Amino acid sequence: MSILQGLENIQEYIFEYDINKVKSSIQGLIEKLMSLFKEADKDEVKILNEVFSYMNIALANKDYLLLADLIEYELAPFIKNEKRG
């Protein structure tokens with residue numbers, strides 16, 4: 001499964017309010033997302049760190065709609081633009 005497909009799945013689980021699947025899917029994608037750091041330059045790493053930080057805040061606050069928005073409008077476009085998904 002590609003990173004983009006995994007992100008789409010997480011969004012679907014959020015909108016179905018299947019939080020257990022959201023959490024397990026995020027854990028499964030962490031390894032793939034971390035591989036982006038190996039290929040990223042300094043500016044890309046800064047962007048990814050910021051997005052991941054906001055995603056962690058959203059998860060800690062159980063703000064799953066914010067998490068879905070971060071995936072949709074920040075992380076997925078970054079991956080698509082970098083052709084890494």
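Please return the longest range in the chain lying between exposed loop sites, taking trypsin sites (Lys or Arg not before Pro), DSSP loop only, at most 10 other beta-carbon atoms within 10 Å, and leaving the sites out. Show your work: numbers first, answer last.
Working: sites that count: Lys62, Lys83.
Within the chain, the longest run free of exposed trypsin sites (Lys or Arg not before Pro) spans 1-61.
Would you calculate, for the chain, the mean residue ellipticity at 222 nm contributed by helices, counting each DSSP H stretch of 4 or more residues as -39,500 (n - 2.57) and dividing by all residues, to the nearest 500? Spell out each step's value before the answer.
Working: 5 runs with 66 residues, N = 85.
Using -39500 (n - 2.57) per qualifying helix, the result is -24500 deg cm²/dmol.
Return one number: the angle in degrees, 0 to 90 and rounded to the nearest 10, between the long axis of the Cα atoms of helix 3-15 and the longest principal axis of the Cα atoms of the chain.
The answer is roughly 20 degrees.
Ordering Glu74, Glu31, Glu16 by accessible area with a probe of 1.4 Å, largest first, what comes out?
Values: Glu74 95, Glu31 150, Glu16 120 Å².
Descending accessible area places them as Glu31, Glu16, Glu74.
Using a probe radius of 1.4 Å on heavy atoms only, what accessible surface per residue do you get for the chain? Whole Å² is fine.
Values: 5540 Å² over 85 residues.
Value returned for the chain: 65 Å² of accessible area per residue.
So for the chain, considering every pair of alpha-carbon atoms, how many percent are separated by more than 22 Å?
Details: 619 of 3570 pairs.
Result for the distance tail: 17 percent.
Could you give the angle, 0 to 90 degrees to the nearest 10, between helix 19-39's Cα long axis and the longest principal axis of the Cα atoms of the chain?
0 degrees
For the chain, compute the number of Lys pairs whose alpha carbons are separated by less than 25 Å, excluding pairs fewer than 8 positions apart on the same chain.
Lysine pairs meeting both conditions in the chain amount to 21.
What is the extension gain from Asn56 to Ser2, computed as 0.36 nm multiplied by their sequence separation minus the C-alpha to C-alpha distance, in nm to one decimal?
On the way: separation 54, 0.36 × 54 = 19.44 nm, distance 2.14 nm.
Using 0.36 nm per residue and subtracting the Cα-Cα distance, I get 17.3 nm.
Over the chain, with every protein chain in place, what whole percent of the accessible area is carbon and sulfur at 1.4 Å, could you tell me? The partial results should precede the final answer.
On the way: 2760 of 5540 Å².
Answer for the chain: carbon and sulfur cover 50 percent of the accessible area.
The values are calculated or read from the model by the stated rules, or taken from the named source; none is laboratory data. Keep in mind it's a predicted model, so treat the numbers as computed, not measured. Cβ coordinates were reconstructed from backbone atoms using ideal geometry, including for glycine residues, and neighbour counts include every protein chain displayed. SASA here: full protein model, heavy atoms, side chains in, ligands and nucleic acids out. Shrake-Rupley method; radii C 1.70, N 1.55, O 1.52, S 1.80 Å.
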